[in-house]
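Colleague: Okay, handing you the structure first.
The values are calculated or read from the model by the stated rules, or taken from the named source; none is laboratory data. The structure displayed is predicted, hence computed values, not measured ones. Cβ placement follows ideal geometry from the backbone for every residue including glycine, while neighbour counts extend to all protein chains displayed.
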Amino acid sequence: MSATLITGKPIAERIRAQVAEDVAAIGHIGLVTVLVGDDPASDVYIRLKHKAAVAAGIDATDLRLLEETSEAELLAKVEELDADPQVDAILVQLPLPKQIDEAKVIRALAPAKDVDGFHPINAGQLYLGEPTLVPATPRGVMAMLDEHDVELSGARAVVIGRSAIVGKPMAHLLLQRNATVTICHSRTRDLAQHTLAADVLVAAVGVPGMVTPDMVKPGGVVIDVGINRTEDGLVGDVDPGAAEVAGYLTPVPGGVGPMTIACLLENAVRCSRYRRGELAFPL
Ligand code: NAD
């Protein structure tokens with residue numbers, strides 16, 4: 001058996017075209033990204049996000065602060081952006097330098113401008129099953145599953161990884177769609193016993209090729225969120241040999257990655273709807 005590849009690009013392009021239409025209809029959407037320091041990976045991510053935002057007509061500002069920026073300085077900047085009526089959406093690129101408490105900065109964001117969906121209010125709304133701004137990567141995964149009409153209601157879904165950025169919101173989105181969800185993590189015993197039962201398996205770990213073909217349920221849907229830089233280039237968390245067992249598989253690169261950026265832009269549109277009162281933010 002050879003799995004059907006679920007590529008992200010065509011779905012992402014469609015989402016981005018819709019965002020461009022929305023931006024044109026709205027007139028102005030202001031997005032400010034804040035990068036503190038010059039971490040090369042973060043620099044690449046910020047550039048990609050900007051290019052995509054500008055291409056969709058979003059008024060994007062790429063704010064760069066020095067590595068030695070203090071927590072107080074960053075918090076003051078966030079508060080300024082929170083209060084700026086021209087700014088719909090704010091993204092503070094993580095990780096932040098060690099002198100800055102990330103949780104404090106995330107809590108300082110106006111929840112309705114928190115385009116990444118990391119603020120406790122947005123995380124809590126998702127937990128309650130009343131999503132507001134939801135992290136882009138798991139939203140992108142849901143769009144990929146829907147594109148291929150993957151049946152989620154009653155399905156056994158296994159998420160490997162429990163980060164606040166991917167694993168946990170992913171599990172909640174699947175739960176909301178009535179999947180029976182298991183979250184596996186670094187302390188899970190006998191991981192394969194769980195993954196082998198998964199109708200839908202989402203790997204968000206950061207360990208190259210850790211999901212081997214013998215861990216995949218024949219015919220199952222496998223979503224590889226992992227992006228790992230190795231000597232052989234970018235690889236996922238799933239061994240490509242899993243394509244011989246799975247029914248569907250996302251490639252790396254070209255799978256979930258493009259979806260993340262497209263869904264981030266969608267979130268910026270949502271932020272603008274909150275700011276303009278077109279959608280009510282639950283505060
Ligand atoms: P993280 O390091 O915050 O979390 C990793 C999770 O994996 C942890 O919850 C940990 O418990 C679990 N884990 C670690 N080792 C394990 C093991 N041996 N068995 C089972 N679970 C284990 O990472 P993250 O931010 O959630 O990102 C995960 C991966 O997804 C990374 O490769 C990251 O680069 C990638 N990522 C991709 C996108 C995208 O757009 N495609 C977006 C965000 C993150």
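Colleague: What number goes with the only condition from (1) in a helix (DSSP H, G or I); (2) under 19 Å from GLY154 (Cα atoms) that VAL202 does not pass?
Modeller: Evaluating VAL202 over (1) in a helix (DSSP H, G or I); (2) under 19 Å from GLY154 (Cα atoms) leaves (1) as the failure.
Colleague: Against the conditions (1) more than 30 Å from ALA242 (Cβ to Cβ); (2) of a type in the set (S, T, N, Q); (3) in contact (Cβ under 8 Å) with a residue 60 or more places away in the chain, where does SER2 fall short? Just the number, please.
Modeller: So the condition that SER2 fails would be (1).
Colleague: Being within 20 Å of VAL134 (Cβ to Cβ) and more than 9 Å from the ligand (Cβ to nearest atom) is the requirement here; does ALA242 meet it?
Modeller: Working: within 20 Å of VAL134 (Cβ to Cβ): no; more than 9 Å from the ligand (Cβ to nearest atom): yes.
The answer is no for ALA242.
Colleague: Give me the pairs, please: first residue somewhere in the range 66-79 and among the small types (Gly, Ala, Ser), second residue anywhere and surrounded by 12 or more Cβ atoms within 10 Å (Cβ to Cβ) and part of a loop (DSSP other than H, G, I, E, B), beta-carbon distance under 9 Å, and either six or more positions apart or on two chains.
Modeller: Every condition considered, the pairs that remain are SER70/GLN99; SER70/ILE100.
Colleague: May I ask you to say which residue of GLU130, GLU102 is among the acidic types (Asp, Glu), away from the ligand (no atom under 13 Å from the Cβ) and modelled with pLDDT of 95 or more?
Modeller: On the way: GLU102 fails: away from the ligand (no atom under 13 Å from the Cβ).
When all the criteria are applied, what remains is GLU130.
Colleague: How many of the residues in the range 143-191 are of a type in the set (A, V, I, L, M, F, W, C), away from the ligand (no atom under 16 Å from the Cβ) and either in contact with a Leu (Cβ under 9 Å, 6 or more places away or on another chain) or modelled with pLDDT under 95 (or both)?
Modeller: Matching residues across the range 143-191 total 3.
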